[in-house]
Amino acid sequence: MGWFVDLNFKISRAFDRLLPAEMSVEGSQEYRRKLLPSILKPNSVVWDIGSGRYPMVSAALKSSLGVRVTGLDLDKTELLAAPAGAYDHIVVADATTYSGSGDADLVVSHCCFEHLPDCAGAFGSVASMLRPGALAAIYQPSGNAVFAKLNLLLPEAVKRRLLRMLGANSGRGGWPAVYDRCTPAQFADLARGARLEVVDLRVFWISGYFMFFFPLHVAWRVWMLMARAIVGDQAAESFYIIVRKPDVQSN
């Protein structure tokens, strides 16, 4: 069975090379390898929401830049499982209700908000963590993605077996997802509702969930091209949003 899946992955990747180049930019890697290093400043205070045992800032990078990182997660076990030295502090709290002290120079979050039942509350929490003028960078799978719709329909046990079989989450995740207002347009609205300015919003058009079976992958790609032509960026698979807390909060 393994050889069959591997072969389909190879053919699916080859097929994707026939599509426009931007359709094959992997959002999670773009966020972690390019975006975060570009906005992470020396000696800054960083809050990492929901990364648990997989912090967005490595211990080595944290040390080289002299940054201080606080990890916030609902699960203390996840935070304690992070590599040694990754977090300077941990906070066990609900990201939808937590009230920060406005000390963060940067807030980061990667594949967390889809698990939260109240994303509006989470944006309010982000705003409370940030200093005036500071940024937050949030990466998300979109609630409009086909895999997200399937995620909501399939029983949790079935989803976990599929993820293990396909290696689609690289050993991460597996927590129940709700996708509360998790689309590019809705996130922009939620940010503004929390009095945050939208600095940048970039969408991505690829995921590996259907590569295990080439005909299904092609059908998904055709669907995506059609949806993109009709509704534009709202059909994306994933996206990141960068928001800024204004220097002066208006009433």
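The values are calculated or read from the model by the stated rules, or taken from the named source; none is laboratory data. Note that the coordinates shown come from a computational prediction; the quantities given were computed from them, not determined experimentally. We place every Cβ from the backbone using ideal geometry, glycine too, and count neighbours over all the protein chains shown. To get the accessible areas, we keep the full protein, side chains included, count just its heavy atoms, and leave off ligands, DNA and RNA. Shrake-Rupley method; radii C 1.70, N 1.55, O 1.52, S 1.80 Å.
Points to keep in mind about this one:
- Rounded to two decimals, the Cα-based Rg/Rh of the chain, with Kirkwood Rh, is 0.97.
- Membrane-span-like helices in the chain, defined purely by DSSP H runs whose alpha carbon atoms cover 20 Å or more axially and whose average Kyte-Doolittle hydropathy reaches 0.0, are 2-16, 214-231.
- Loop sites in the range 170-251: trypsin sites (Lys or Arg not before Pro), DSSP, at most 15 other Cβ within 10 Å: ARG172, ARG195
- Size descriptors for the range 1-129: radius of gyration and Dmax over Cα atoms are 17.6, 52 Å.
- Remark: spin-label model distance ALA229-LEU7 equals 3.2 nm, labels positioned 7 Å along the Cα→Cβ axis.
- Accessible-area composition of the chain, carbon plus sulfur, in percent [1.4 Å probe]: 59 percent
- Think of a 1.4 Å ball rolled over the protein heavy atoms: the chain then has 49 Å² of accessible area per residue.
- FRET efficiency for the pair HIS89 and GLU26, taken as 1/(1 + (r/R0)^6) with r the Cβ-Cβ distance and R0 = 45 Å, rounds to 0.90.
- Centre separation in Å (Cα based) which lies between the range 80-145 and the range 193-250: 19 Å
- Extension gain, LYS34 to SER58: 0.36 nm times the residue separation minus the Cα-Cα distance gives 7.2 nm.
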